[in-house]
Amino acid sequence: MALDRISASQNLEPNDGAFGWDDSDLERSITDRFERMVRRYPHRPAVKTHEQELTYDQLNQAANRLARRIVTAQGTRSEPVAILMKQGAGMIVAILGALKAGKVYVPLDPSNSTERLQSILADSQAKCIVTDDPHKVHRVGCAQILDFNELDAHICPDDLGLTPTSDALLAIIYTSGSTGVPKGVLEDHKYILRIIRAYSENVDICARDKLILLFSLTSNAAHANLFGALLNGAAVHCLDPKKRHITRLATWLTQEKTTIYHSSASFFRKFAETLRNGEQFPDVRVVQLSAEPVLARDLELCRRHFAPECIFINSFATTEVGPVLQYRLALGTPFTEHVLPVGFPTKGLRVGLVDDDGRPVAPNTTGQLVVQSRYLSLGYWEKPELTVTKFLPDPEGADQRLYFTGDLARMAADGCFFHIGRKDFQVKIRGYRVNTGDVEMMILSHPGIKQVAIVSQPGNNNEVCLEAYYVAAQDAALTAAKLRAYLRERLPEYMIPSVFVELDFLPTTASGKVDRGALASLNGVKPESETSFVAPRTVVEEELATVWMNVLGTERVGVHDNFLDLGGHSLSAFQIIARVREIFAVDLSIQFFIDVDSATVASMAELIEQVYRRHKEQFI
């Protein structure tokens, strides 16, 4: 299907202000609001990529043609239609076309494996798929394939007049969340409309704005920028970071005079590394970061490249709710904390904290985030048991529901929330409850750390082992020993990870979150020892090396390898002491492991041999 090109300056109406929202907008539909924008701004640019540009009228006509083709193939009954297309204008046309046909769209990521695509298609029960890669779809398998590239340009481009209700199902968004287990989140029209209304009013989106879309269109994170533009008469600039090198983003922002920037915090840090000192983006009036903790140094990076009056927003969101909390401030505002709060509830939501028994917690006490609203996701596709555990009816009997996010936070006296981490990231280590988010925050406080993710794994003797995967800043010259020493001054010993692994980057999901499942699959990758491996040289060293290997669960131990660098902790120290007493009849002090930085097999063997020498001298 050919997508026409236009000039960016073609036929702009003089009235390019904001198109307001009211409560009645939330009782209509996405397609109704979009078609009103088409009638108001037919010749304004709606979508732009490096290859294509479409006005609102052209985008609407292309979507109408596709919608008629879908109706011809599948009728008008509400049912899932899969979309497997590369990121760009064509996929946006496909999303709108599916909605205009009264269907429920299921976006698929072309980079996913055939097995995952087959799994989602089977679970969603989509019988029709729109694609620009029919060869890939033939491998995946689907009953009805609509080749986007072969759609007839002579199909009637007029609106179909199929207007869904606000509670009609809109999309099934498959997310792996934090657990790695994919599930389809159900979204209706009023759910998206609530998100876009809150976003539009929070940053004052109007038809003059140009929003950059850096999130995958297969994720819920893309909704704010895609529909935030198209439901306000603004333009969405769609960039695929997988195909366009991040070094080109600066030029794109400058040339296109982008006004609203939104990405994950980690993507922004990578982008900032490509910028020259003093490089400025004067047209950007809003910078929003989300998907992971936002640090004070991210704010400093913004201050270097964006105007002081630019609004900075830290956003916390879930696929089931959309944006839940937002913290905003002008870039010129002083800020002294290490981690930014996630702020205050977005419009249309009430947010609270509860303990494990569901009781509200006091201010400055950690609890689980619970959201109350009538604009939540409908739940999980074909998973009623999971839905009833996460979504509960309002105990006050109102037309609202409660969603238990599984995220931990604390609330200050002024109502500002601070995100702590995931409830399912809490682990028990030697009897202590540990929130891995706390460990991540402390590691991130090191100036040489750009990113970090903690993964818990079953360790030796079925103990829980924390593994830290991190990305170091350029020229940081960090080592596991240096990080461990830094943490020993700030954390209890049981909270210090057993393993530190440096990576060039942390894998992410389509929504920009760290893919912890991919990290967990590394399954205890051990860093190389920072000292050259020296094999045991004496019988005592050989015996001790065997003890250390068995207790620490490692394949080899050199005589100069440090106990802490091998993942040792107090419990394993006591286990080694017990084994040494059994084998050598020598009582070692725990101070050997605590006070001596060079706690090695060699130094332990020397202590044992000293005891033997003293004992021998007593009987000469």
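The table that follows gives values for the structure above.
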| read-out | value |
| --- | --- |
| Restricting the stretch 114-140 to residues that are open to solvent by less than 40 Å² (accessible area, probe 1.4 Å) and part of a loop (DSSP other than H, G, I, E, B), the residue that is nearest to D188 (Cα to Cα) | A126 |
| Top-ranked residue of the stretch 194-209 - restricted to ones that are open to solvent by less than 30 Å² (accessible area, probe 1.4 Å) and assigned to a loop (DSSP other than H, G, I, E, B), ranked as nearest to Y56 (Cα to Cα) | A207 |
| Count - residues of the stretch 92-113 that are free of Cβ contacts under 8 Å to residues at least 40 places away in the same chain and part of a helix (DSSP H, G or I) | 2 |
| Hits in the stretch 442-484 - residues which are among the hydrophobic types (A, V, I, L, M, F, W, C) and open to solvent by 40 Å² or more (accessible area, probe 1.4 Å) | M442, V464, A477 |
| Contacts under 7 angstrom Cβ, first residue in the stretch 227-242 being under 10 Å from I212 (Cβ atoms) and of a type in the set (V, I, T), partner modelled with pLDDT of 95 or more and in a loop (DSSP other than H, G, I, E, B), 6 or more apart | none |
| Residue within the stretch 75-91 that is open to solvent by 10 Å² or more (accessible area, probe 1.4 Å), under 20 Å from I173 (Cα atoms), part of a loop (DSSP other than H, G, I, E, B) and without any contact (Cβ under 8 Å) to a residue 40 or more places away in the chain present | yes |
| Test: residue in the stretch 286-306 that is open to solvent by 20 Å² or more (accessible area, probe 1.4 Å), under 21 Å from R208 (Cβ atoms) and touching a Ser or Thr at 6+ places or on another chain (Cβ under 9 Å) | no |
| Hey, D357 under 21 Å from I195 (Cβ atoms), acidic (D, E) and free of Cβ contacts under 8 Å to residues at least 40 places away in the same chain or not | no |
| Among the residues listed as Y191, Y174, the single one being open to solvent by less than 10 Å² (accessible area, probe 1.4 Å) and not in a loop (DSSP other than H, G, I, E, B) | Y191 |
| Yes/no for E606 being at negative phi, out of contact with any helix residue (DSSP H, G or I) (no Cβ under 7 Å at 6 or more places or on another chain), at pLDDT 85 or above and surrounded by fewer than 17 Cβ atoms within 10 Å (Cβ to Cβ) | yes |
| Identity of the residue in the stretch 523-542, modelled with pLDDT under 70 and not hydroxyl-bearing (S, T, Y), that ends up least open to solvent (accessible area, probe 1.4 Å) | G524 |
| Every pair of residues 6+ apart whose Cβ atoms lie under 7 Å, when the first sits in the stretch 295-320 and is within 23 Å of M441 (Cα to Cα) while the second is among the basic types (K, R) and open to solvent by less than 20 Å² (accessible area, probe 1.4 Å) | none |
| Lone unmet requirement of (1) outside any helix (DSSP H, G or I); (2) open to solvent by 20 Å² or more (accessible area, probe 1.4 Å) for D561 | (2) |
| Pair list, Cβ under 8 Å, 6 or more apart: the stretch 141-164 residue acidic (D, E), other residue open to solvent by 70 Å² or more (accessible area, probe 1.4 Å) and not in a loop (DSSP other than H, G, I, E, B) | D152/R69 |
| Residue, most open to solvent (accessible area, probe 1.4 Å), within the stretch 307-353, restricted to residues that are farther than 22 Å from V185 by Cα and acidic (D, E) | E309 |
| Residue within the stretch 353-375 that is of a type outside the set (A, V, I, L, M, F, W, C) and in contact with a His (Cβ under 8 Å, 6 or more places away or on another chain) present | no |
| Sole residue being open to solvent by less than 50 Å² (accessible area, probe 1.4 Å), of a type in the set (F, W, Y) and at pLDDT below 80, chosen from F584, F593, F505, F500 | F593 |
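The values are calculated or read from the model by the stated rules, or taken from the named source; none is laboratory data. Note that the structure is predicted; figures quoted are calculated from it, not measured. Quick reminder, even Gly has a Cβ in these numbers, built from the backbone with ideal geometry, and neighbours come from all protein chains shown. Quick note on the areas: whole protein, heavy atoms, side chains included, nothing else; ligands and nucleic acids left out. Shrake-Rupley method; radii C 1.70, N 1.55, O 1.52, S 1.80 Å.
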